[in-house]
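Accompanying notes for the structure given below.
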Amino acid sequence: MTQRHMALGAFFHPTGHHLAAWRHPGAQIDAGTNIDHYLDLARQAERGKFDFIFLADALACRHGNLDALSHWPQYMAYFEPTTLLAAMAVVTRHIGLVGTATTSFNQPWDIARRYASLDHLSKGRIGWNIVTSSNQAEAQNFSLDRHFDHADRYRRAEEFVQVAKGLWDSWEDDAFLRARDSGRYFDPEKLHRLDHEGEHFRVRGPLNVARGPQGHPVLVQAGSSEAGRGFAARHAEIVFTAQTDIDEARAFRLEMRERLAREGRDPEAIRILPGLNPVLGSTSAEAHALRDGLAAMIPVALGLEALAPILPEVDLSGCDPDQPCPLHLLAADTNASKSGLETFRAQTLAGRTLRQIYTDYINARGQNSICGTAAELADHMEHWFREGAVDGFLIQPPILPLGLEAFVDGVIPELQKRGLFRADYASNTLRENLSLARPVNRYTAAGIRNLDPRL
Ligand SMILES: Cc1cc2nc3c(=O)[nH]c(=O)nc-3n(C[C@H](O)[C@H](O)[C@H](O)COP(=O)(O)O)c2cc1C
């Protein structure tokens, strides 16, 4: 289905995306444990008519130089996404709620159940950001010495998602008769066991949650490697990316649509949303002063430490921050993010110093960052959207709640005025607001009845 206006997600890190955000008076300083802060953010994003809220996740604290890390609250102490989304669901009515769960350190039955339950609880507003975890530290919390290899974790993800999809079809949409007269609560022919036996999982099923209002949660993915793109082409309905160049973004969107067609999917059935970090001011100078002020609060040791997630195998501590990273340190492949390492290598080859790279990374965590007025930001978004480079954006406010308020009050009206964004929600489900089709139950589609007399 085609959608006429852009899709917008609001990505919340507790105090904001900038590493120094928590030191700014516009940030909620105890955000990671402050439920009222998150409920206010959810209401605020819904006031702005965002398609969805997005919460990232990792199953470990960051490892590394503890002195440097002690300046940085992100990923150290914060709410678990599915429980937080459940709380947000009850104070909102229209906005979608997308939470991250890894396929590497979970079991598909449990994740399928949690997301199906959340879909009911939110009345059809849930999305699952499927990650394979590039953070190597997670493995050590799950009885492993090291993380699965990149290829293995995508193979596991593939089977995981196939099992989850199967479980979400356990009950056909009209399986529940709830007939007081006949005394029959559900139609046994419309309940299906999965009986999956694969390389990684054995799952009998069925699921003990009815099919959700959306059929399946909206599936979201962000891997940019070859394996990640292949996976997205088979399953994703939203793809988060980190493009900073319009031509590359257009090429990526085109490539993903072609890949969908090759997988037998409708190329329109995907929304490609690059991250966008808006640093807003009432003048361009004010926005730049805000950014420079934040950057000045980052000690060098923390700047180098912030690169660890993309270079976990490299020790940068002895490096001169005002020189490019020595190339021999980047010679080896990584078992973390392949695309992250490639981008870093390309920037180093272009002569960028470590300080320049980490400052950019800190500003926007590898995403595009636009510093200026609301109208300037809207110009950028309009250009990328009208040029067919994106279906919308994942907005990553540098400071929360300040940056979200500035976006909702400044940029949203500007986009609405230009006819680029909705004036109000068309529906109460995430799928319908994104113009994504509801998956048909596989057994209903094939006309398969369950005739096994035993469950
Ligand atoms: C906007 C965005 C959000 C992401 N959120 C998470 C997350 O919450 N947890 C996680 O483990 N990885 C997250 N990732 C990382 C991706 O899932 C993926 O591991 C990374 O892009 C590397 O993919 P690749 O190994 O296919 O290159 C995110 C990536 C992007 C661009």
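The values are calculated or read from the model by the stated rules, or taken from the named source; none is laboratory data. Keep in mind the model is a prediction, meaning the values are calculated, not measured. Cβ: placed from backbone, ideal geometry, glycine included. Neighbour counts: every protein chain shown.
Being within 16 Å of the ligand (Cβ to nearest atom), surrounded by 12 or more Cβ atoms within 10 Å (Cβ to Cβ) and in a helix (DSSP H, G or I) is the filter here, so list the residues in the range 299-346 that pass it. Break it down into steps so the answer makes sense when it comes.
Filtering the range 299-346 down to residues within 16 Å of the ligand (Cβ to nearest atom) leaves 306-313, 330, 332-346.
Next cut, surrounded by 12 or more Cβ atoms within 10 Å (Cβ to Cβ) only: 306-313, 330, 334-345.
Within the range 299-346, ALA306, LEU330, LYS338, SER339, GLY340, LEU341, GLU342, THR343, PHE344, ARG345 meet the criteria.
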Checking the structure you have, find out if any residue of the range 219-239 is buried (at least 21 other Cβ atoms within 10 Å of the Cβ), within 15 Å of the ligand (Cβ to nearest atom), aromatic (Phe, Trp, Tyr) and in contact (Cβ under 8 Å) with a residue 40 or more places away in the chain. yes
Being part of a loop (DSSP other than H, G, I, E, B), near the ligand (Cβ under 10 Å from one of its atoms) and not hydroxyl-bearing (Ser, Thr, Tyr) is the filter here, so list the residues in the range 122-153 that pass it. ASN135
Taking the range 235-294 as the region of interest, how many residues are closer than 21 Å to PRO217 by Cα and touching a Cys at 6+ places or on another chain (Cβ under 9 Å)? 0
Which ones in the range 35-64 are surrounded by fewer than 16 Cβ atoms within 10 Å (Cβ to Cβ) and away from the ligand (no atom under 16 Å from the Cβ)? ILE35, ASP36, ARG43, ARG47
Could you tell me which numbered condition ASN208 fails, if it satisfies all but one of (1) polar (S, T, N, Q); (2) more than 30 Å from LEU451 (Cα to Cα); (3) at pLDDT 95 or above? (2)
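Please pick out the residue among ASN106, ASN65 that is modelled with pLDDT under 95 and either under 22 Å from SER134 (Cβ atoms) or within 20 Å of the chain's Cα centre (by Cα) (or both). Before the answer, list the steps.
Working: ASN106 fails: modelled with pLDDT under 95.
On inspection, the qualifying residue turns out to be ASN65.
Does ALA251 qualify as being crowded, with 19+ Cβ neighbours inside 10 Å, free of Cβ contacts under 8 Å to residues at least 40 places away in the same chain and under 19 Å from ASP266 (Cα atoms)? Please lay out each step first, then the result.
Details: crowded, with 19+ Cβ neighbours inside 10 Å: no; free of Cβ contacts under 8 Å to residues at least 40 places away in the same chain: yes; under 19 Å from ASP266 (Cα atoms): yes.
Here the answer is no, as ALA251 does not meet what is asked.
Please state which one of LEU177, LEU191, LEU207 is of a type in the set (A, V, I, L, M) and either in contact with a helix residue (DSSP H, G or I) (Cβ under 6 Å, 6 or more places away or on another chain) or within 16 Å of the ligand (Cβ to nearest atom) (or both).
Details: LEU177 fails: either in contact with a helix residue (DSSP H, G or I) (Cβ under 6 Å, 6 or more places away or on another chain) or within 16 Å of the ligand (Cβ to nearest atom) (or both); LEU191 fails: either in contact with a helix residue (DSSP H, G or I) (Cβ under 6 Å, 6 or more places away or on another chain) or within 16 Å of the ligand (Cβ to nearest atom) (or both).
None of the others qualify; the one that does is LEU207.
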Please specify each residue of the range 246-293 satisfying the condition of being within 15 Å of the ligand (Cβ to nearest atom) and of a type in the set (Asp, Glu). GLU248, GLU255
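Have a look at ARG178, ARG184, ARG156 and point out the one that is surrounded by fewer than 22 Cβ atoms within 10 Å (Cβ to Cβ) and either closer than 28 Å to ALA89 by Cα or modelled with pLDDT under 95 (or both). Steps first, please.
On the way: ARG184 fails: either closer than 28 Å to ALA89 by Cα or modelled with pLDDT under 95 (or both); ARG156 fails: either closer than 28 Å to ALA89 by Cα or modelled with pLDDT under 95 (or both).
Checking each option against the conditions leaves just ARG178.
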Among helices (runs of 4 or more DSSP H) lying entirely in the range 20-109, which contain 1 or more residues that are touching a Pro at 6+ places or on another chain (Cβ under 9 Å)? 35-47, 66-69
